[in-house]
Amino acid sequence: MSGYAALITGSSRGIGKGIALALAREGFAIGVNARRLGEEVEQTIAEIEALGVAAVPVVGDVGEIDNHAAMLDAAEDALGPLTTLVNNVGVSVMNRGDLLDVSPESYDRCQTINTRGAFFLTQAWARRVLNRDRDPALHYSVITVSSSNALAASIPRGEYCVSKAGMSMMAKLFAVRLGGDDIGSYEIQPGLIETDMSAQAQDMYRQRIKEGLTITQRMGLPSDMGSIAAAMATGQLAFCTGQSVQADGGLLIPRF
């Protein structure tokens with residue numbers, strides 16, 4: 001799909017990498033974002049380029065709003081105008097524990113990166129898109145990767161839940177603001193996914209899955225999230241915007 005270009009935050013590994021590879025298979029040129037250059041970034045870029053599309057490193061901390069213009073410039077200087085922004089980067093809590101013991105530092109960290117950073121990067125990207133001519137043959141979209149914890153309360157990760165609930169509302173707000181300009185805004189709510197972020201709890205999750213925690217009897221994979229993002233970014237969700245896809249293997253389906 002010539003002309004498509006995406007910046008995917010936090011895309012050197014995990015869910016972000018899964019989305020990057022899925023979009024690359026659809027012909028998207030990819031801006032691979034990470035806080036710093038390193039082996040993971042280089043490997044991800046090599047895998048994307050092996051699929052026959054361009055990829056470029058985009059170094060920057062999404063939590064630092066002053067970095068946003070330079071990040072967008074780096075992607076667009078190399079790839080051309082961005083059709084797609086994927087807000088994927090995120091951090092978990094500094095320490096799992098009682099809600100009554102949450103520190104302001106951990107709370108602020110989740111808000112700064114997960115919610116505030118995503119909001120203002122989306123704002124900066126949207127301004128650029130609206131201020132230039134667009135190809136009517138292309139689908140323009142912003143995809144926000146939140147979490148099942150945007151809906152489901154988890155006491156040991158309360159500040160993370162709050163930040164992800166904010167991201168969920170952000171996706172809806174931008175859907176309303178940008179919909180009249182034919183720019184889609186979508187949300188993916190991953191459940192239990194095999195990533196570095198979930199590594200310390202994966203054994204516990206797998207045991208609970210065996211006991212019926214989810215309907216699909218496995219943890220999700222980054223590639224699962226990639227397939228959903230690819231459908232969103234290519235406009236295959238016809239007549240949809242503001243939708244949240246619960247990519248959780250049935251975790252949040254009420255049962256009795």
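Is it the case, given these coordinates, that R116 is basic (K, R), surrounded by fewer than 20 Cβ atoms within 10 Å (Cβ to Cβ) and within 20 Å of G235 (Cα to Cα)?
On the way: basic (K, R): yes; surrounded by fewer than 20 Cβ atoms within 10 Å (Cβ to Cβ): yes; within 20 Å of G235 (Cα to Cα): no.
Spelling it out, it is not the case that R116 is basic (K, R), surrounded by fewer than 20 Cβ atoms within 10 Å (Cβ to Cβ) and within 20 Å of G235 (Cα to Cα).
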Would it be correct to say that D133 is closer than 30 Å to P156 by Cα and either free of Cβ contacts under 8 Å to residues at least 40 places away in the same chain or polar (S, T, N, Q) (or both)? no
Show the residue pairs that are 6+ apart or on different chains and have beta-carbon atoms under 6 Å apart, the first residue being within the stretch 15-42 and acidic (D, E), the second being in a helix (DSSP H, G or I). E26/A230
Could you list, ordered by first residue, the pairs with Cβ atoms under 7 Å in which the first is in the stretch 210-235 and crowded, with 18+ Cβ neighbours inside 10 Å and the second is in a loop (DSSP other than H, G, I, E, B) and among the hydroxyl-bearing types (S, T, Y), at least 6 apart or interchain? P222/T195
Considering only helices (runs of 4 or more DSSP H) wholly within the stretch 144-244, the ones with at least 3 residues that are at pLDDT 95 or above are 158-178, 222-233
How many residues, within the stretch 77-131, are touching a helix residue (DSSP H, G or I) at 6+ places or on another chain (Cβ under 9 Å) and in a loop (DSSP other than H, G, I, E, B)? 16
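Where residues in the stretch 123-146 are buried (at least 23 other Cβ atoms within 10 Å of the Cβ) and among the polar types (S, T, N, Q), which of them is farthest from F28 (Cα to Cα)? Steps first, please.
Filtering the stretch 123-146 for residues buried (at least 23 other Cβ atoms within 10 Å of the Cβ) gives 125, 140-146.
With among the polar types (S, T, N, Q) added as a condition, the list becomes 141, 144, 146.
Numbers: S141: 13, T144: 18, S146: 22 Å.
In this case the residue turns out to be S146.
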Which residue out of I183, I188, I253, I215 is more than 20 Å from A150 (Cβ to Cβ) and β-branched (V, I, T)? I183
Are any residues in the stretch 20-34 in contact with a strand residue (DSSP E or B) (Cβ under 7 Å, 6 or more places away or on another chain) and not hydrophobic (A, V, I, L, M, F, W, C), and if so, which ones? G31, N33
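The values are calculated or read from the model by the stated rules, or taken from the named source; none is laboratory data. This structure is a prediction, so every number in the text was calculated from the model and none was measured. Neighbour counts are summed over all protein chains in view; Cβ atoms, including those assigned to glycine, are modelled from backbone coordinates with ideal geometry.
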